[in-house]
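Read-outs: derived from the displayed coordinates by stated rules, not from any lab. Since we're looking at a predicted model, the values are computed, not measured. Cβ sites come from the backbone with ideal geometry, for glycine too, and all protein chains shown count toward neighbours.
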Amino acid sequence: MFFSQLESLTDSELKQLRLLREFIKERNNVCVAYSGGVDSSLVATIAREQLGSKAFAVTGVSSSLAPYLLKQARLQAAWIGIRHEECQTNEINEPNYFKNPQNRCFACKQELHKHLKEISKRSHNAQVLDGVNYDDLNDFRPGINASNQAGVISPLAELKIDKKSIRSISKSLGLPWWDKPAQPCLASRIPFGEEISSTRLEKIALAEEWIVNQGFSKVRVRSQGLSARIELPANEIDIFLKSIERNKLIKYFLFLGFHSISIDLEGLISGKLTRDIKKT
């Protein structure tokens, strides 16, 4: 199975695509840590293309992954044609996760890769690949350390492929989700130091899904205590306020258990909760 190039790419992006294909083809068999995001989906696509049945994808399922995003991941895997497995992870039971310290992501990835290690062993010691990209290396990402310790390989990061190139390459290959908004784990909506629970994560997931269903795909609902703070791209805030049925939003959010609802006038900024933390 070969994914034909449908749109033109820059010389640099063409080289990146060629190197990515060669990089993955050199592996005998691979297990892709697959969230359904645009990054891991590109890795899964090229793995399926280059290795066929010797490539498979695994999604860690827990309360930190919104149910509607899991459905999307399943549909995308079926579209790619890659074998897709799911494993239940239990990071919510780990104090280093649910107490929500600044390195929370380390505990989460450590739990995921514990399961992937066992799954890959059963599949002839498949090499685990993930979707960490070159931009991620310059962000506060404690989970990358856990992945490195587990022996995971990050093709996109190693080949210096950034988010912009990933979207361009995905679009050129005809992947329908090439412009899918980034969707960090739901725990990232809760300020460090405030405890995480499955109930709290479920409430955030339902709140965000409600807004997505109103036509606003790029959204975060920050949960601070019993308050919900809605973040949308700055250029969509006025549109949202004019088009949304405010009473329905308030009624639904109160039903979910929030006591107050606000709009962040600064707008949606990726990594807002970690921007004051120095990378270590």
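Computed values, structure above
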quantity	calculated
Stretchable slack from GLU158 to GLU22, in nm (0.36 nm times residue separation minus alpha-carbon distance)	47.7 nm
Whole-Hz ³J(HN,Hα) from phi, Karplus 6.51 cos²θ - 1.76 cosθ + 1.60, for the stretch 109-126, glycine and proline x	5, 4, 5, 4, 6, 4, 6, 5, 4, 5, 5, 5, 4, 5, 10, 6, 6, 4
Formal net charge of residues neighbouring ILE211 (Cβ-Cβ distance under 15 Å; K, R +1; D, E -1)	+4
Tilt relative to the chain, helix 198-212 - C-alpha long axis, 0 to 90 degrees, to 10	90 degrees
Within straight-line cross-link reach of LYS25, lysines at Cα separation under 20 Å, skipping those fewer than 8 residues along the same chain	LYS15, LYS54, LYS121, LYS160
HN-Hα J in Hz across the stretch 146-151 - Karplus 6.51, -1.76, 1.60, θ = phi - 60°, x for Gly and Pro	5, 5, 4, 5, 7, x
Gaussian network model of the chain, Cα within-10 Å springs - most flexible of HIS115, HIS84, HIS259	HIS259
Most mobile listed residue (GLY36, GLY174, GLY81) in the chain, GNM with C-alpha springs under 10 Å	GLY174
Values of log10 I(q)/I(0), in the order q = 0.20, 0.29 Å⁻¹, for the stretch 57-121 under a Debye, Cα-only, solvent-free model	-0.83, -1.20
Additional length obtainable on full extension of the chain from GLN127 to TYR252, 0.36 nm per residue less Cα span	40.6 nm
Residues of the stretch 35-73 with amide N under 17 Å of the 7 Å Cα→Cβ point at HIS115	35-37, 56-73
P(r) of the stretch 186-274 over all Cα-Cα pairs, binned every 5 Å from zero, in whole percent	3, 14, 27, 28, 18, 7, 2, 0
DSSP bridge orientation in the chain - percent antiparallel, rounded to nearest 5	20 percent
Of all DSSP beta bridges in the stretch 122-280, antiparallel share, percent nearest 5	50 percent
Size of the stretch 154-210 as Cα extents on the principal axes (Å, biggest first)	40, 28, 14
Pairwise label distance in nanometres, GLN149 with LEU6, each label 7 Å out on the Cα-Cβ vector	4.2 nm
For the chain, built as a Gaussian network whose Cα springs stay under 10 Å, the top-fluctuating residue of ARG229, ARG246, ARG220	ARG246
Built amide H within the under 5 Å cut-off of VAL128, gap 5+	CYS31, ILE153
For a label point 7 Å along the Cα-to-beta-carbon line of LYS99, residues of the stretch 193-216 with backbone N under 17 Å	193-197
Helix-only mean residue ellipticity at 222 nm for the chain, each DSSP H run of n ≥ 4 adding -39500 (n - 2.57), per residue, nearest 500	-13000 deg cm²/dmol
Listed values [x] 62, 34, 33; [y] 121, 54, 38; [z] 54, 42, 35, entry calculated as Cα extents along the principal axes in Å	[z]
Per-residue HN-Hα couplings for the stretch 224-238 [Karplus 6.51, -1.76, 1.60; θ = phi - 60°; Hz; x = Gly/Pro]	10, x, 9, 9, 10, 10, 8, 10, 10, x, 3, 7, 10, 4, 4
Between helix 246-256 and the chain: long-axis angle, C-alpha atoms, 0 to 90°, nearest 10	80 degrees
Set of lysines with alpha-carbon distance to LYS99 below 22 Å, sequence-local pairs under 8 removed	LYS109, LYS114, LYS203, LYS272, LYS278, LYS279
